[in-house]
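S.K.: Below you'll find the structure I mean.
Each value in this text was obtained by applying a stated rule to the coordinates, not by laboratory testing. Just so we're clear, the structure is a prediction, and the values are computed from it rather than from any experiment. Quick reminder, even Gly has a Cβ in these numbers, built from the backbone with ideal geometry, and neighbours come from all protein chains shown.
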Amino acid sequence: MTLEEVKELVHSQSVGNFSAISHGISLNQALVSPRRISVTAHDVREGRTTDEHLEVWLVAQEGDEDGYKIILRDDGMFGLASKGFPADTHPILVGWYGSLMSTFLGM
């Protein structure tokens with residue numbers, strides 16, 4: 001997905017929803033200029049933890065660097081990431097929600 005495609009998708013899912021509020025901020029306040037970031041997806045199965053590092057688009061953020069981050073996969077799926085433990089080098093994937101609005105309201 002190119003930067004222009006990301007901007008177009010975010011815009012198309014934002015129109016008419018800019019004033020929606022979640023965690024005390026509007027969608028319009030949360031939106032940021034899209035950029036690529038790394039997130040870590042933790043997976044626990046049968047008592048074992050594995051980590052997968054994902055390259056995603058950051059498209060919105062709650063407040064400062066410690067707030068929730070709305071991310072976008074290259075297939076168009078929106079999700080949330082948050083700050084992990086102090087030893088984590090990247091934000092941690094919370095989950096995939098689908099649309100921009102369902103993700104924003106899920107913060």
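S.K.: In whole Å and largest first, what semi-axes does the C-alpha gyration tensor of the stretch 1-50 yield when each eigenvalue is scaled by 5 and square-rooted?
M.R.: Taking √(5λ) for each Cα gyration eigenvalue gives 30, 17, 10 Å.
S.K.: Filter the GluC sites (Glu not before Pro) in the stretch 24-71 down to the DSSP loop ones having no more than 10 other Cβ atoms within 10 Å, then list what survives.
M.R.: Taking the stretch 24-71 and a limit of 10 other Cβ atoms within 10 Å, the loop GluC sites (Glu not before Pro) found are Glu46, Glu65.
S.K.: What is the set of long-range amide H partners of Val32 at a cut-off below 5 Å, with H atoms built 1.01 Å from backbone N?
M.R.: Placed amide hydrogens put Ala60, Gln61 under 5 Å from Val32.
S.K.: Continuing with this model, one more query. Over the chain, what relative contact order in percent results from Cα pairs under 8 Å that are six or more residues apart?
M.R.: 23 percent
S.K.: Nearest 10 degrees is fine. How inclined is helix 3-14 to the longest principal axis of the chain, computing both from alpha carbons?
M.R.: That helix lies at roughly 70 degrees to the long axis.
S.K.: Tyr97's amide H: which non-local residues (gap 5+, or another chain) put their own amide H closer than 5 Å, with H modeled 1.01 Å from N in plane and none for Pro or chain starts?
M.R.: Phe78, Gly79, Leu80
S.K.: Which value in deg cm²/dmol, rounded to the nearest 500, describes the helix-derived mean residue ellipticity at 222 nm for the chain, given -39,500 (n - 2.57) per DSSP H run of n ≥ 4 and division by the residue count?
M.R.: -5500 deg cm²/dmol
S.K.: Separate question: Got a sec to turn the phi values of the stretch 64-76 into Karplus ³J(HN,Hα) couplings, 6.51 cos²θ - 1.76 cosθ + 1.60 with θ = phi - 60°, whole Hz, x for Gly and Pro?
M.R.: Calculated HN-Hα couplings, in order: 7, 4, 7, x, 4, 10, 8, 10, 9, 7, 5, 8, x Hz.
S.K.: Can you work out ³J(HN,Hα) from phi for every residue in the stretch 52-63, in order, using Karplus 6.51 cos²θ - 1.76 cosθ + 1.60 and θ = phi - 60°, giving whole Hz and x for Gly and Pro?
M.R.: Result, ordered by residue: 10, 9, 10, 9, 9, 9, 8, 10, 7, 8, 7, x Hz.
S.K.: What translational D, rounded to a whole number of µm²/s, comes out for the chain from Stokes-Einstein when the hydrodynamic radius is the Kirkwood one over Cα pairs, at 37 °C and 0.692 mPa s?
M.R.: So the translational diffusion coefficient is about 233 µm²/s.
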